[in-house]
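The structure under discussion appears below in the form of structure tokens.
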Amino acid sequence: MKITVFTGASDGIGAELARQLAAGQGAGVGLVVAARNESRLPAMAMHGLEAPSAWVQRWSHLVQPGATVLDVACGHGRHARWFYERNHALALVDRSQAAIDFIAAAIPSRATQTVETVVADIENGPWPFENRQFGGVIVTNYLWRPLMPTLLASVAPGGLLIYETFAQGNETVGKPSRPDFLLRSGELLALCRSLHVVGYEDGFEDAPDGQSPRFVQRITAMGKDASGNAMQQPPAAPPRYRLSP
């Protein structure tokens, strides 16, 4: 096995090169990382390998088989990998070139499964998926209110929106603390009134999965057709939005 040593690996280019090498060669390479900031090494080692959100895992079964999933502000791809492993095509966008390069190495396109990666500043530049809709739209730990109408319009009829991020009150326990990045009480419910809401939570979690305590708001909602009906069942049948796989 080839052994590669990285110094200055707690942040910056050293850390990113280590991640990309691990993603591209997997068990075929051994890594030794060194840094002045020892406390950051565990986080660096796990960056890009974090488990998907439990909320995303809970509701992902409602995305239609084979549907394309849009992951917004996708980071290093913890949710991209989840849907990739379930044979969904992917459209991924993030403003970080390093994050997108990491994903492209870790989960390449296949003959029956495309992985579309886009580097874009979706807060200050044009929306890169203009006039497109998706079977799944995933947003976690991200809030830019001017983009919300675009995200809702990106949910196809019968598609699924899974949205989860920090809520008001989080300023009392940590970051983020600015009102711009914290959902107001009931805000997601109000924003998703044009969709069929399947699940919604707004509350406090005491150190979930080893993370910091947080105030969180999350929603799962289905896209409706032109007549205002949610899809995924024959027209004559009552809706059945399964609450578990």
Quick check on segment 109-124. Is at least one of its residues touching a His at 6+ places or on another chain (Cβ under 7 Å) and over 19 Å from Arg214 (Cβ atoms)?
no
Pull up segment 189-226, narrow it to residues that are surrounded by 12 or more Cβ atoms within 10 Å (Cβ to Cβ), in contact with a Pro (Cβ under 9 Å, 6 or more places away or on another chain) and free of Cβ contacts under 8 Å to residues at least 60 places away in the same chain, then point me to the one that is nearest to Trp144 (Cα to Cα).
Leu191
Where a residue in segment 118-132 is under 19 Å from Gly77 (Cβ atoms) and its partner, wherever it lies, is among the basic types (Lys, Arg) and part of a loop (DSSP other than H, G, I, E, B), with Cβ under 8 Å and at least six apart
Val119/Arg95; Ala120/Arg95; Asp121/Arg95; Ile122/Arg95
Restricting segment 134-155 to residues that are closer than 15 Å to Asp180 by Cα and among the aliphatic types (A, V, I, L, M), which is surrounded by the most Cβ atoms within 10 Å (Cβ to Cβ)?
Leu143
Step by step: first the residues of segment 213-245, then only those that are at pLDDT 85 or above and among the small types (Gly, Ala, Ser), then the one that is nearest to Ala51 (Cα to Cα). Which residue is that?
Ala221
Provide a single number: the residues in segment 174-188 that are in contact (Cβ under 8 Å) with a residue 12 or more places away in the chain, loosely packed, with under 15 Cβ neighbours inside 10 Å and part of a loop (DSSP other than H, G, I, E, B).
4
From the list Gly158, Gly169, which one is assigned by TED's automatic domain parsing to the domain that holds Val216, over 17 Å from Trp59 (Cβ atoms) and either touching a residue at least 60 places away in the same chain (Cβ under 8 Å) or surrounded by 13 or more Cβ atoms within 10 Å (Cβ to Cβ) (or both)?
Gly169
Being over 11 Å from the mean Cα position of the chain (by Cα) and among the basic types (Lys, Arg) is the filter here, so list the residues in segment 48-102 that pass it.
Arg58, Arg86, Arg95
Residue identified as in the same structural domain as Glu123 (by TED's automatic domain parsing), within 18 Å of the chain's Cα centre (by Cα) and closer than 20 Å to His61 by Cα among Thr150, Thr140:
Thr140
Would you mention how many residues in segment 108-133 are of a type outside the set (A, V, I, L, M, F, W, C), part of a strand (DSSP E or B) and surrounded by fewer than 17 Cβ atoms within 10 Å (Cβ to Cβ)?
3
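The values are calculated or read from the model by the stated rules, or taken from the named source; none is laboratory data. The model shown is predicted, which means the values in this text are computed figures rather than measured ones. We place every Cβ from the backbone using ideal geometry, glycine too, and count neighbours over all the protein chains shown.
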